[in-house]
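Comments concern the structure below.
The values are calculated or read from the model by the stated rules, or taken from the named source; none is laboratory data. Being a predicted model, the structure only gives us computed values, none of them experimental. Heads up, the Cβs are rebuilt from the backbone with ideal geometry, glycines too, and the neighbour counts pull from every protein chain shown. With ligands, DNA and RNA removed, areas are computed over all heavy atoms of the protein, side chains included. Shrake-Rupley method; radii C 1.70, N 1.55, O 1.52, S 1.80 Å.
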Amino acid sequence: MKKRTLGQGLEVTALGFGCMGLNFSYGHALSNADSVKLIRDTFDRGVTFFDTAEIYGPFTNEELVGEALRPVRDQVVIATKFGFKFEGGKAAGVDSRPQRIREAAEGSLKRLGIDVIDLLYQHRVDPGVPIEDVAGTVKDLIAEGKVRHFGLSEPGAHTVRKAHAVQPITALQNEYSLWTRGPETNGILDACEELGIGLVAYSPLGKGFLTGAMGKDSKIAENDFRRILPRFTPDAMEKNQTLIDLIRGVATEKNATPAQIALAWLLARKPWIVPIPGTTKLHRVEENLGAVDIELSSSALGELNAAAARIQIEGERYPEQLMKTTGL
């Protein structure tokens, strides 16, 4: 498996694996046994970078990731996240007070069954806590040997710079794909380039849409969080089909699948971008891994970028209340 280097010299596989969807958010859940098996099978196929968070479940996702990876702990990089408070077993708003960060880190270590967290992200910026205090707390955890690397998820570029001045950031985890290109214009890619920070791209397949497997007639389960996303209304999916048609055309030329082209596009953007697609199916893992070997020439990449830029994406990526938690 090809490798890439994020900030601070952290080497990871060119594709990681996002574990959230195994038992959280998408209206379905694999059994723990099946989840553990899929994670181990993914490792056996060369992936060594796995992403989870305390809020996934809450808590249960970290437990199954820990169970799956414990036998190969010294061969993998495990990322998790803090940043929320919990009431009655459910998330109840952001909370990145230093005490809560420490509680979250200790809980993650216990659930994952590990001695040190390889990469610890703030999941969402807490407007009530100075980012310098957040970075300082993680810096202390690094000094204590409980954390190796610091990351932020969905911050604004100004927040990145303030945090990085206190504790060098290894990675930013932002949504980035052919239909979510905010990092190109909101300063995130510029900050990564300037400060030597890696970008971990979540939802690189557009929460399933960029695979070409969804459309206006797709039935989304009541408990699938995509039901609340503006881009997943039937009208929006019908209008956004133009992007799928574009990707499918490139895929045909390359004897590839739309998912592979969507991932290959990200990999071609910058050498320090690492997508973390998730799935509940092993054959999709294998399909995604095929993207690593697809070469998009500079001319092909330019043509794809130009064509995609002419397409007006219908719908925001999140509803208004969730969009307000990003870019802070």
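Candidates are the residues of the stretch 18-55 that are in contact with an Asp or Glu (Cβ under 7 Å, 6 or more places away or on another chain) and under 19 Å from VAL274 (Cβ atoms); the one that is surrounded by the fewest Cβ atoms within 10 Å (Cβ to Cβ) is ARG45. Quick check: is even one residue across the stretch 292-299 closer than 27 Å to LEU195 by Cβ, open to solvent by 20 Å² or more (accessible area, probe 1.4 Å) and at pLDDT below 95? Looking for residues that are closer than 27 Å to LEU195 by Cβ, open to solvent by 20 Å² or more (accessible area, probe 1.4 Å) and at pLDDT below 95, one finds at least one in the stretch 292-299, hence yes. For the stretch 76-122, residues that are in contact with a Gly (Cβ under 7 Å, 6 or more places away or on another chain), part of a helix (DSSP H, G or I) and open to solvent by 40 Å² or more (accessible area, probe 1.4 Å) total 1. List the number of the failed condition for ASP224; all other conditions in (1) open to solvent by 20 Å² or more (accessible area, probe 1.4 Å); (2) closer than 23 Å to LEU30 by Cα; (3) at pLDDT below 95 hold. Of the numbered conditions (1) open to solvent by 20 Å² or more (accessible area, probe 1.4 Å); (2) closer than 23 Å to LEU30 by Cα; (3) at pLDDT below 95, the odd one out for ASP224 is (1).
Consider the stretch 300-328 and keep the residues that are under 17 Å from TYR176 (Cα atoms) and of a type in the set (S, T, N, Q). The one that is surrounded by the fewest Cβ atoms within 10 Å (Cβ to Cβ) is GLN312. Can you spot a residue in the stretch 239-262 that is within 20 Å of the chain's Cα centre (by Cα), at negative phi and loosely packed, with under 15 Cβ neighbours inside 10 Å? No, every residue in the stretch 239-262 fails to be within 20 Å of the chain's Cα centre (by Cα), at negative phi and loosely packed, with under 15 Cβ neighbours inside 10 Å.
Scanning the stretch 183-194 for residues that are open to solvent by 10 Å² or more (accessible area, probe 1.4 Å) and either among the aromatic types (Phe, Trp, Tyr) or free of Cβ contacts under 8 Å to residues at least 40 places away in the same chain (or both) gives GLU184, THR185, GLY187, ASP190, GLU194.
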